[in-house]
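*Asks:* One structure, pasted below without further comment.
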Amino acid sequence: MMWLTFAFLSAFLLGFYDVFKKKSLRDNAVIPVLCLNTLFCTLLFLPLIILSASGSISSESAWYVPSEGWEVHKYIILKSCIVLSSWVLGYFGIKHLPITIVGPINATRPVMALVGALLIFGEQLNLYQWIGVALAILSFFLLSKSGKKEGIDFKSNKWVVFVVLSALFGAISGLYDKFLMAPAQNGGVGLNRIEVQSWYNLYQFVLMSLMLLLIWYPTRKKTTPFHWSWCIVFISLFLSAADLAYFYALSLDGAMISIVSMARRSSVVVSFLFGAMVFHEKNLKSKALDLLLVVISMLFLWLGTQS
């Protein structure tokens with residue numbers, strides 16, 4: 001299952017993405033960091049759009065970006081809005097919370113996607129999947145108790161709400177990605193993976209530029225100041241590489257969005273280790289138990305898809 005290999009590669013890269021994101025946001029303004037992230041991601045893929053349009057990249061190439069009209073770009077713009085909503089909420093959340101709390105919350109995205117499929121598409125969960133959902137809920141409850149030891153009340157802390165909403169939008173994005181990549185005969189749109197990644201980065205940069213000019217710039221002297229960090233560049237590099245592996249995994253025959261989503265969430269192991277070793281965060285033993293429950297819940301979800 002080559003698609004599963006690329007899903008785990010994406011997870012490994014996402015773990016470093018979260019680490020560089022946390023480091024970049026330390027005592028830094030969120031909106032400029034996120035805007036620069038979308039700019040660098042756009043610069044990585046803009047040459048593909050230009051070279052494909054000029055004919056320098058052959059339509060037979062894996063890096064070719066097709067020239068499409070509104071019928072296709074309306075789907076990609078919606079993808080940009082969903083992802084950007086997740087990013088804005090997630091960036092604010094990870095700035096103000098320990099990465100060892102943010103990681104396990106984000107790891108519940110596959111459960112959210114599964115519950116979304118249950119509510120929206122009427123899918124039925126089997127016993128293994130229900131056990132996975134129950135363990136994920138239990139891990140969230142235990143994580144809230146760990147957070148209280150650091151003065152973080154999950155019921156009233158707005159940054160926790162931001163991270164939960166970010167994970168929710170991320171789950172929606174995962175379901176939407178499969179719809180975009182699936183061929184028309186399977187009920188999808190059948191879009192080219194490079195086309196989606198190239199254009200949605202560009203649209204996100206446009207949206208973030210508007211936020212920068214209209215929201216952050218007029219109030220910049222009253223909020224956290226922005227300072228440059230080379231970690232911002234690494235955010236874009238690791239994210240783009242993780243997305244390349246992710247979209248490629250989804251484009252392969254037999255790829256299952258539920259499994260790919262669960263595999264990608266194993267990135268929490270990388271970010272958790274860095275939270276312990278680099279950021280020296282607290283209450284690691286209790287958080288490690290929470291993390292273990294999340295991993296076990298993902299295992300049961302995987303078993304559920306095999307039965």
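The values are calculated or read from the model by the stated rules, or taken from the named source; none is laboratory data. The shown structure was predicted, so the numbers you read here are calculated from the model rather than taken from an experiment. Because the Cβ atoms are built from the backbone with ideal geometry, glycine has one as well, and the counts that use them run over all protein chains shown. Only protein heavy atoms, including side chains, enter the accessible area calculation; ligands, DNA and RNA are left aside. Shrake-Rupley method; radii C 1.70, N 1.55, O 1.52, S 1.80 Å.
*Asks:* Say whether the condition of being modelled with pLDDT under 90, more than 20 Å from L78 (Cα to Cα) and among the small types (G, A, S) is met by at least one residue in segment 150-158.
*Replies:* Looking through segment 150-158, at least one residue is modelled with pLDDT under 90, more than 20 Å from L78 (Cα to Cα) and among the small types (G, A, S).
*Asks:* Test S198 against the criterion of being under 26 Å from E60 (Cα atoms) and modelled with pLDDT of 90 or more, and give yes or no.
*Replies:* Here the answer is yes, as S198 does meet what is asked.
*Asks:* Return the residues of segment 273-307 that are aromatic (F, W, Y) and under 21 Å from the mean Cα position of the chain (by Cα); say none if nothing qualifies.
*Replies:* So in segment 273-307, the residues aromatic (F, W, Y) come out as 274, 279, 300, 302.
Answer for segment 273-307, where residues must be aromatic (F, W, Y) and under 21 Å from the mean Cα position of the chain (by Cα): F274, W302.
*Asks:* Among (1) assigned to a loop (DSSP other than H, G, I, E, B); (2) out of contact with any Asp or Glu (no Cβ under 9 Å at 6 or more places or on another chain); (3) under 22 Å from T100 (Cα atoms), which single condition is S286 missing?
*Replies:* (1)
Quick grid of which residues meet (1) over 18 Å from the mean Cα position of the chain (by Cα); (2) not small (G, A, S):
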position: V189; (1), (2): yes, yes
position: L212; (1), (2): yes, yes
position: I215; (1), (2): yes, yes
position: P218; (1), (2): yes, yes
position: S229; (1), (2): yes, no
position: S236; (1), (2): no, no
position: A242; (1), (2): no, no
position: D253; (1), (2): yes, yes
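*Asks:* Still on this structure, please answer the following. Tally time: how many residues in segment 23-73 are open to solvent by 30 Å² or more (accessible area, probe 1.4 Å), without any contact (Cβ under 8 Å) to a residue 24 or more places away in the chain and touching a Phe, Trp or Tyr at 6+ places or on another chain (Cβ under 7 Å)?
*Replies:* First, pick out the residues of segment 23-73 that are open to solvent by 30 Å² or more (accessible area, probe 1.4 Å): 23, 26-27, 36, 39-40, 43-44, 46-47, 50-51, 53-56, 58-64, 67-71.
From the residues that got through so far, the ones that are without any contact (Cβ under 8 Å) to a residue 24 or more places away in the chain too are 43, 47, 50-51, 53-56, 58-61, 67, 69-71.
Subsequent filtering for residues that are touching a Phe, Trp or Tyr at 6+ places or on another chain (Cβ under 7 Å) retains 58.
Residues meeting the conditions: 1.
*Asks:* Hey, another quick one. Listed residues V19, V88; which is part of a helix (DSSP H, G or I), of a type in the set (V, I, T), open to solvent by less than 50 Å² (accessible area, probe 1.4 Å) and under 16 Å from F162 (Cα atoms)?
*Replies:* Working: V19 fails: under 16 Å from F162 (Cα atoms).
After ruling out the rest, the residue left standing is V88.
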